[in-house]
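Q: Sharing a structure below in C-alpha cells format, with a few things to ask.
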Amino acid sequence: MRSFILGVLGCSLVLSAQAFYSASDDVVELNTSNFNKEVLQSDSLWLIEFYAPWCGHCQSLTADWKKAATTLKGIVKVGAVDADQHKSLGSQFGVKGFPTIKVFGANKNKPEDYQGGRTSQAIVDGAMKSLNSLVKDRLSGKSGGSGYKQSGGGGAGSKQDVVELTDDNFDKMVLQGEEVWLVEFFAPWCGHCKNLEPEWTAAASAVMEQTKGKVRLGAMDATVHQAVSGRYGIRGFPTIKIFRKGEEPEDYQGGRTRGDIIARALDLFSDHAPPPELLEILSEDTLTKTCVDSQLCVIGVLPHILDTGAAGRNGYLEVMTKMAEKYKKKSWGWLWTEAGTQLELEAALGIGGFGYPAMAAINSRKMKFALLRGSFSEAGIHEFLRELSVGRGSTATLGNGSMPKVHTVAPWDGKDGQLPEEDDYDLSDVDLDDDDFLSKIEL
C-alpha cells in the first residue's frame, strides 16, 4: 500500500511539472522557437496566456482556457507560453505576473493587455470584441505596422519606436539627451541588416514600453549619414553601439534576436535607474500592489519610534535604502512598517512582538516567505538576499496561504515619538484616604 501511495504521489508530481496543455488541446503551445513564425508573422488575432507551472491561478484557468480555445477554433487563435521556462518571451512583452493574457492584434510588436474575466465565456466575448475592432481597423485602412523600413537609399527610420537618426539630429538626440541609446548603423543593401530589421523593431517597441522611454533604439543609414558613421569608425554592417550621456560609446556584444536586444537594454536601464522607492505600509493597497508587481517584496519591521527616536529609525531606513540600491536590478519591492502597527502581518510572518528590527522577504506568487536570521545590517541583509537570489535559504508558507490583512495608518511624520499625555488631577484639597473619591477615578 505504501509503495502504491508513493507511486501515485510521484505521478502527481510529474504531471504537475509538465506543461498545462498538450497536442490534443486546441491551445497552441508557444515557445522561443515557434513564437516568431506562429504569432509575429501571422495575420491572425491571437490570445496568449503567459503562465508558470507553479502558479495556482494559472492552474485554475486551464480548463476555461482550453474551452475558450475550442470555441474560438478557426476564428481566433489561442496560445500559451510557459514563461517560467521561456523567460525571454515573458521579458520581451513585459510579463511580470501570472497568468498574464495579452491580445496580439494588428501590431504584433505591441500587444494589448486582456482586461476581461477569466471564465471561458468572458474570454470568448473578449476575443470577439478584439476581432471586431481589428476588422473595423482594416476596413478603415488602419495598419498596425511598426513603420521601420530600411528601404531605398534613404534608410528611413521608425515613425514610432525605432528613431531615425541623421547627421543633423544625432548629437542633440543621442549625445545630449538623458536616455541611454542603442544605435544600429546599417546599409540598405546589407542582407544581415535586413534580417535584423524585424528583431530591432520588435525590441524597440518592447524596450520603449518597459523602460518608459529611458532606453531608446535608433537606426542610422551609414551610407547616407557619413559624418557620424565616420566619426565612430563604422566599417561593417550592421554595427550596433551603446551611447550613454557623458561616456565613450561601447560596442554592443550581444546576440541579434529581439530577446537578446531587450535583455541588454533592460540591463542598461537597471544600471542607470534610480533604486526602488522604500515605502511605508500605510494601507492594504501599498502592500498588495508592491508585492504583486514584484517578484519579491522585502519588508522591514522597525522598532517603535519611542524605542529608537528619529535618528535611530532613519539609520535603519538608510540601511534598507542602500540594499535597495544594491539589488535594484532585481526590481524587488521594498516596504517598512513600525512594530505593533500591522499585527496580522507580523503574525503571518512569524515575527510577533519581539526581536526588532526584523525583516522578511515575500514571494506573493508562491505565497512563501523567508525571515532574516542574521543581523539587520548591510552585511547581514546582503547575505540574506544573496542566499534567496540563488535559490537557497529556508522558506515557509505565508500565514494561511493568502496576504494578511493590513490596516490603514497615518504616515510617520519624521519626528521623535512623544509619550501620550496623562490626565492631571488636582489633589491639593482631597483626603487621599477618602475611598469614595478614589473609586471615581477612571484609570
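The values are calculated or read from the model by the stated rules, or taken from the named source; none is laboratory data. All figures in this text were calculated on a predicted structure; none of them were measured in a lab. So basically every Cβ, Gly included, is an ideal-geometry build from the backbone, and we count neighbours across all protein chains shown. Heavy atoms of the whole protein, side chains included, go into the accessibility calculation; ligands, DNA and RNA do not. Shrake-Rupley method; radii C 1.70, N 1.55, O 1.52, S 1.80 Å.
Q: Pairs only if they're at least six apart or on different chains, beta carbon under 6 angstrom, first in region 25-52 and open to solvent by 10 Å² or more (accessible area, probe 1.4 Å), second among the charged types (D, E, K, R) and assigned to a strand (DSSP E or B); list them, first residue then second.
A: S44/K77
Q: Collect the residues in region 242-273 that are assigned to a loop (DSSP other than H, G, I, E, B) and out of contact with any helix residue (DSSP H, G or I) (no Cβ under 8 Å at 6 or more places or on another chain), keeping them in residue-number order. Even if it seems obvious, please write down each step before you answer.
A: Within region 242-273, the first condition is being assigned to a loop (DSSP other than H, G, I, E, B), and the residues that meet it are 244-249, 252-257, 273.
Within region 242-273, G246, E247, E248, P249, Q253 qualify.
Q: Just a yes or no: is a residue in region 229-236 open to solvent by less than 50 Å² (accessible area, probe 1.4 Å), over 18 Å from L175 (Cα atoms) and at pLDDT 95 or above?
A: No, every residue in region 229-236 fails to be open to solvent by less than 50 Å² (accessible area, probe 1.4 Å), over 18 Å from L175 (Cα atoms) and at pLDDT 95 or above.
Q: Condition check: within 19 Å of V207 (Cβ to Cβ) and surrounded by 20 or more Cβ atoms within 10 Å (Cβ to Cβ). Does A219 satisfy that? Before the answer, list the steps.
A: Values: within 19 Å of V207 (Cβ to Cβ): yes; surrounded by 20 or more Cβ atoms within 10 Å (Cβ to Cβ): yes.
Yes, satisfied.
Q: Still on this model: What do you reckon, is Q210 at pLDDT below 95, open to solvent by 40 Å² or more (accessible area, probe 1.4 Å) and farther than 21 Å from K329 by Cα? Steps first, please.
A: Values: at pLDDT below 95: yes; open to solvent by 40 Å² or more (accessible area, probe 1.4 Å): yes; farther than 21 Å from K329 by Cα: no.
Criteria not met by Q210.
Q: Residue under question is H225, and the condition is that it be in contact (Cβ under 8 Å) with a residue 40 or more places away in the chain and either out of contact with any helix residue (DSSP H, G or I) (no Cβ under 8 Å at 6 or more places or on another chain) or open to solvent by 40 Å² or more (accessible area, probe 1.4 Å) (or both); does it hold?
A: Details: in contact (Cβ under 8 Å) with a residue 40 or more places away in the chain: yes; either out of contact with any helix residue (DSSP H, G or I) (no Cβ under 8 Å at 6 or more places or on another chain) or open to solvent by 40 Å² or more (accessible area, probe 1.4 Å) (or both): no.
No, not satisfied.
Q: Could you list all residues from region 370-407 that are part of a loop (DSSP other than H, G, I, E, B) and of a type in the set (F, W, Y)? Let's see the steps before the verdict.
A: Taking region 370-407 as the starting set, the residues that turn out to be part of a loop (DSSP other than H, G, I, E, B) are 372-377, 390-395, 398-407.
Answer for region 370-407, where residues must be part of a loop (DSSP other than H, G, I, E, B) and of a type in the set (F, W, Y): just F376.
Q: Residue by residue through region 368-381, note down the ones that are open to solvent by 40 Å² or more (accessible area, probe 1.4 Å) and either more than 23 Å from R392 (Cα to Cα) or in contact with a Leu (Cβ under 8 Å, 6 or more places away or on another chain) (or both).
A: Pass one, region 368-381, residues open to solvent by 40 Å² or more (accessible area, probe 1.4 Å): 368, 373-375, 378-379.
K368, the sole residue that qualifies.
Q: Got a sec? Which strands (runs of 3 or more DSSP E) wholly within region 63-180 have at least 3 residues that are modelled with pLDDT of 90 or more and closer than 19 Å to L40 by Cα? Even if it seems obvious, please write down each step before you answer.
A: Working: elements: 77-82, 100-104, 162-164.
Correct list: 77-82, 100-104.
Q: Regarding F369, is this residue within 23 Å of the chain's Cα centre (by Cα) and modelled with pLDDT under 95?
A: On the way: within 23 Å of the chain's Cα centre (by Cα): yes; modelled with pLDDT under 95: yes.
Yes: the conditions hold for F369.
Quick grid of which residues meet (1) farther than 25 Å from G97 by Cα; (2) in contact (Cβ under 8 Å) with a residue 60 or more places away in the chain; (3) of a type in the set (F, W, Y):
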{"residue": "S283", "(1), (2), (3)": "no, yes, no"}
{"residue": "T308", "(1), (2), (3)": "yes, no, no"}
{"residue": "G312", "(1), (2), (3)": "yes, no, no"}
{"residue": "L317", "(1), (2), (3)": "yes, no, no"}
{"residue": "K330", "(1), (2), (3)": "no, no, no"}
